[in-house]
Amino acid sequence: MSGRVLVGVKRVIDYAVKIRVRPDKTGVVTDGVKHSMNPFCEIAVEEAVKLKEKKLIKEVVAVSCGPQQAQETIRTALAMGADRGIHVEVTGKDYDTLGPLQVSKILAALAKKEDAQLVILGKQAIDDDCNQTGQMTAALLDWPQGTFASEVSMEGDKVKVVREIDGGLETVKINIPAVVTADLRLNTPRYATLPNIMKAKKKKIANVKPADLGVDLTSRLEVLRVDEPPQRQAGMKVETVDDLVGKLKETGHI
Amino acid sequence: MAALFKARKALSLCLSGCRTLSQLAELPETHQILRQTCRDFADRELIPIAAKLDKEHLYPTKQIQELGSMGVMAMEVPEELGGAGMDYLAYSLAIEEISRGCASTGAVVSVNNSLYIGPILKFGTEEQKKCWITPFTSGEQVGCFALSEPGNGSDAGAASTVARQEGDEWVLNGTKAWITNSWDASATIVFATTDKQLKHKGISAFLIPMPHPGLSLGKKEDKLGIRASSTANIILEDCRIPLDNILGPCGAGFKIAMQTLDSGRIGIAAQALGIAQASLECAANYAHKRTAFGAPIGKLQAIQFKLADMAMAVESARLLTWKAALLRDSKKPFTKEAAMAKLAASEAATFCSHQAIQVLGGMGYVADMPAERHYRDARITEIYEGTSEIQRLVIAGQLLKEYQL
């Protein structure tokens, strides 16, 4: 067993930023807007680092796809305890149309190249909310998957994953190598310690092009339009429960 | 071989590049990550509790321990001694972000780093460093700095606390006033006169553990601001300590105090910046949401002028602070710049917090919004670690030397 874990980290607009749609309606304003690591990716990194601290795995490799700035996100992962990084360079139009299908092809290629025994990703990104990359990566690799993980434990050549599903919690045991996607309650990501931030400076980030991995970045999707959500209409106050039922019937809700 | 040489040269260029003015325009990546980490900590761990800490005068024990485990309580201390081994620019960034969350916590962190650990790191023996620094790096224990007395603050040379040698001990008598962290500290540096004839050259510095026989604390002061950090008198009555507890040479106390305060000023400047920044953000957010005369008040010129003045005050003070830190990191003289930074930042803090209340109107006057707490917290920054008046004297003193007057 290589003992290597691949963790995907995505650079997204910071959760606290107020999103604005571009005037040309093709997307959202990203220039000069604060970006940070996707919160679910932070949880994924934390889980990988914890596995390494428990000596269950040997190496954590952080991967990010995007332009130059993606390296900042990788550095943050390194500061949290990842051992080295891989920056897959995707820029310009390719980056604008980069989606789960292309990213999962890249991750699958890297997982094979790095002989990873585990790929841990965030369950979804807070910008596109696709919730697809983990699942697609597993399918492309023909590996089992444990998604929406709220608990992960290694048991020999298997991984036990407790999944948060609509009905409650589901426990699955899957063979290694596998793909796991992190949900909110999996862990609380650590604050990078200052010595680790300093050490991160010396850790390596390798540069790779998608073409080197044999991945075609052509998108099968075309964004037609991006609009703001409709303005919230004011509500109505009623005096009694009967009034409430009456109004609901009136407006055709029941 | 050639590749190795090139790589080493590139690294040293990179490191020396770290000490240039270009850093004022864009911080190095490590510093950006550090700043973001401290900001996240302040947003998640400090801002939600700051009002409660202030209202109930609560020392942030858990948060100080967490900051300790991150390395923030001993930022300049080398890793071998348990610190983070970072530079003063990093320190000023950390203090600003922490103070933006909670000014009291910023004060505790700053005093531990600059005023307690600082002089021991610079003037202590290797034994003293291991004994008095290492246990104070994790956040489990904090230290304090006892220079001021009821009879002298700005007039530090007139220390009436005395220390006499008796056999194999020093015996100290006197009272120190306004000591930050006193009620939460496990050690203190006390400045006492060992030879009255030599005036300020007859003052020495001493390390005293807390608690200790002969050392007692006065009542916790009921302050206007930074209420989560304790401030009290330290009373010494025949307080006996081993001879080895003297810090630096006999008679070097005044010099140690002044040099320590030079660096401490950068920390306080950073704390004031945090308060000023928090006030600016509070005012700007409010101006965006509050409507009057049919539009958000941020659209009104009167409010815009205030916000512009506030932003400019913060940014210029910040650049002065960074410059002072960079000069110190390059081992260049920084006394004048540190005094300028502290003066500019503390005046920016009082100005911004004052204007923030003005922008918020009635809401600025009540505890529902943090503006009133920033106003109260800001006030001390113009007083401690050298009043604004003293800063002006320090700056003028340096200037006069430069112009050979």
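Go through segment B:147-165 and count every residue that is surrounded by fewer than 19 Cβ atoms within 10 Å (Cβ to Cβ) and touching a residue at least 60 places away in the same chain (Cβ under 8 Å). Spell out how you get there, then give the answer.
Step one: filter segment B:147-165 for residues surrounded by fewer than 19 Cβ atoms within 10 Å (Cβ to Cβ), giving B:150-155, B:157-158, B:160, B:162, B:164-165.
Then drop every residue that is not touching a residue at least 60 places away in the same chain (Cβ under 8 Å), which leaves B:150, B:153-154, B:157, B:165.
Within segment B:147-165, residues that are surrounded by fewer than 19 Cβ atoms within 10 Å (Cβ to Cβ) and touching a residue at least 60 places away in the same chain (Cβ under 8 Å) number 5.
Looking only at segment B:96-151, which residues are among the hydroxyl-bearing types (Ser, Thr, Tyr) and assigned to a loop (DSSP other than H, G, I, E, B)?
To start, the set of residues in segment B:96-151 that are among the hydroxyl-bearing types (Ser, Thr, Tyr) comprises B:99, B:104-105, B:110, B:114, B:116, B:125, B:134, B:137-138, B:148.
The answer is B:Thr125, B:Thr137, B:Ser138, B:Ser148.
Looking at A:Val238, A:Val162, which is the one that is of a type in the set (Val, Ile, Thr) and out of contact with any Ser or Thr (no Cβ under 8 Å at 6 or more places or on another chain)? Break it down into steps so the answer makes sense when it comes.
Values: A:Val162 fails: out of contact with any Ser or Thr (no Cβ under 8 Å at 6 or more places or on another chain).
Going through A:Val238, A:Val162 in turn, just one is of a type in the set (Val, Ile, Thr) and out of contact with any Ser or Thr (no Cβ under 8 Å at 6 or more places or on another chain): A:Val238.
Tally time: how many residues in segment B:75-90 are in a helix (DSSP H, G or I) and either of a type in the set (S, T, N, Q) or touching a Ser or Thr at 6+ places or on another chain (Cβ under 8 Å) (or both)? So that I can check it myself, show each step before the final result.
At the first step, the residues of segment B:75-90 found to be in a helix (DSSP H, G or I) are B:79-81, B:88-90.
This time we only want the ones that are either of a type in the set (S, T, N, Q) or touching a Ser or Thr at 6+ places or on another chain (Cβ under 8 Å) (or both), so: B:81, B:88, B:90.
Within segment B:75-90, residues that are in a helix (DSSP H, G or I) and either of a type in the set (S, T, N, Q) or touching a Ser or Thr at 6+ places or on another chain (Cβ under 8 Å) (or both) number 3.
Just to check your reading of the model, which residue among B:Ala74, B:Ala84 is within 13 Å of chain A (Cβ to nearest Cβ), without any contact (Cβ under 8 Å) to a residue 40 or more places away in the chain and buried (at least 24 other Cβ atoms within 10 Å of the Cβ)? Quick ask: steps written out before the conclusion?
Values: B:Ala74 fails: without any contact (Cβ under 8 Å) to a residue 40 or more places away in the chain.
Among B:Ala74, B:Ala84, only B:Ala84 is within 13 Å of chain A (Cβ to nearest Cβ), without any contact (Cβ under 8 Å) to a residue 40 or more places away in the chain and buried (at least 24 other Cβ atoms within 10 Å of the Cβ).
So, A:Thr30, is that one of a type in the set (Val, Ile, Thr), in a loop (DSSP other than H, G, I, E, B) and farther than 23 Å from B:Asp43 by Cβ or not? It would help to see each step written out before you state the result.
Details: of a type in the set (Val, Ile, Thr): yes; in a loop (DSSP other than H, G, I, E, B): yes; farther than 23 Å from B:Asp43 by Cβ: no.
Here the answer is no, as A:Thr30 does not meet what is asked.
Applying the selection to segment B:157-183, what residues are in a strand (DSSP E or B) and over 30 Å from B:Ala228 (Cα atoms)? It would help to see each step written out before you state the result.
Our first condition is that a residue be in a strand (DSSP E or B); within segment B:157-183, this holds for B:162-166, B:169-180.
Result: B:Val162, B:Ala163, B:Arg164, B:Gln165, B:Glu166, B:Glu169, B:Trp170, B:Val171.
Within the group B:Leu58, B:Leu89, B:Leu34, B:Leu121, which residue is of a type in the set (A, V, I, L, M) and within 12 Å of chain A (Cβ to nearest Cβ)? Talk me through it step by step, then tell me what you get.
On the way: B:Leu58 fails: within 12 Å of chain A (Cβ to nearest Cβ); B:Leu89 fails: within 12 Å of chain A (Cβ to nearest Cβ); B:Leu121 fails: within 12 Å of chain A (Cβ to nearest Cβ).
That would be B:Leu34, the only listed residue that is of a type in the set (A, V, I, L, M) and within 12 Å of chain A (Cβ to nearest Cβ).
Sort out which residues of segment A:181-225 are assigned to a helix (DSSP H, G or I), out of contact with any strand residue (DSSP E or B) (no Cβ under 7 Å at 6 or more places or on another chain) and away from chain B (no Cβ under 14 Å), and write them in order of number. If you could, list the steps in order and put the result at the bottom.
In the first step, residues of segment A:181-225 are kept if they are assigned to a helix (DSSP H, G or I); the result is A:184-186, A:194-200, A:210-213.
Restricting the remaining residues to those that are out of contact with any strand residue (DSSP E or B) (no Cβ under 7 Å at 6 or more places or on another chain) gives A:184, A:194-200, A:211-213.
Residues satisfying the conditions are A:Leu184, A:Ala211, A:Asp212, A:Leu213.
For segment A:71-180, which fully contained strands (runs of 3 or more DSSP E) count at least 2 residues that are out of contact with any helix residue (DSSP H, G or I) (no Cβ under 7 Å at 6 or more places or on another chain) and without any contact (Cβ under 8 Å) to a residue 60 or more places away in the chain?
Details: elements: A:84-89, A:118-122, A:145-155, A:158-165, A:168-175.
Passing ranges, in order: A:145-155, A:158-165, A:168-175.
Going through segment B:291-313 one residue at a time, which ones are surrounded by 14 or more Cβ atoms within 10 Å (Cβ to Cβ) and without any contact (Cβ under 8 Å) to a residue 40 or more places away in the chain?
B:Pro296, B:Gly298, B:Lys299, B:Leu300, B:Ala311, B:Ala313
If A:Val60 meets every condition in (1) in a loop (DSSP other than H, G, I, E, B); (2) more than 14 Å from chain B (Cβ to nearest Cβ) apart from one, which number is that one?
Single failed check for A:Val60: (1).
If you go through segment B:216-238 one residue at a time, how many are touching a Ser or Thr at 6+ places or on another chain (Cβ under 9 Å), in contact (Cβ under 8 Å) with a residue 60 or more places away in the chain and outside any loop (DSSP other than H, G, I, E, B)? Spell out how you get there, then give the answer.
Keep residues of segment B:216-238 that are touching a Ser or Thr at 6+ places or on another chain (Cβ under 9 Å), which gives B:217-218, B:220-221, B:223, B:225-237.
Filter again for in contact (Cβ under 8 Å) with a residue 60 or more places away in the chain, leaving B:220, B:223, B:225-230, B:233-237.
In the following step, the residues that additionally are outside any loop (DSSP other than H, G, I, E, B) were identified as B:233-237.
Here the count works out to 5.
Filter segment B:378-405 for residues that are within 18 Å of the chain's Cα centre (by Cα), in a loop (DSSP other than H, G, I, E, B) and of a type outside the set (Gly, Ala, Ser); which is surrounded by the most Cβ atoms within 10 Å (Cβ to Cβ)?
My answer is B:Glu385.
Conditions (1) more than 21 Å from B:Ile275 (Cβ to Cβ); (2) among the acidic types (Asp, Glu), marked per residue:
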{"residue": "B:Glu56", "(1), (2)": "no, yes"}
{"residue": "B:Gly68", "(1), (2)": "yes, no"}
{"residue": "B:Met73", "(1), (2)": "no, no"}
{"residue": "B:Glu79", "(1), (2)": "yes, yes"}
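Looking only at segment B:318-338, count every residue that is part of a helix (DSSP H, G or I) and either out of contact with any Asp or Glu (no Cβ under 7 Å at 6 or more places or on another chain) or small (Gly, Ala, Ser) (or both) and tell me the total. It would help to see each step written out before you state the result.
Here is the first cut: in segment B:318-338, the residues part of a helix (DSSP H, G or I) are B:318-329, B:335-338.
Subset that is either out of contact with any Asp or Glu (no Cβ under 7 Å at 6 or more places or on another chain) or small (Gly, Ala, Ser) (or both): B:318-319, B:321-322, B:324-326, B:328, B:336-338.
Looking only at that region, the number is 11.
Every number here is computed from the coordinates shown, using simple stated rules; none is lab data. This one's a predicted model, so the numbers in the text were calculated from it and none came from an experiment. Methodologically, a virtual Cβ is constructed for each residue, glycine included, from the backbone with ideal geometry; neighbour enumeration extends over all protein chains shown.
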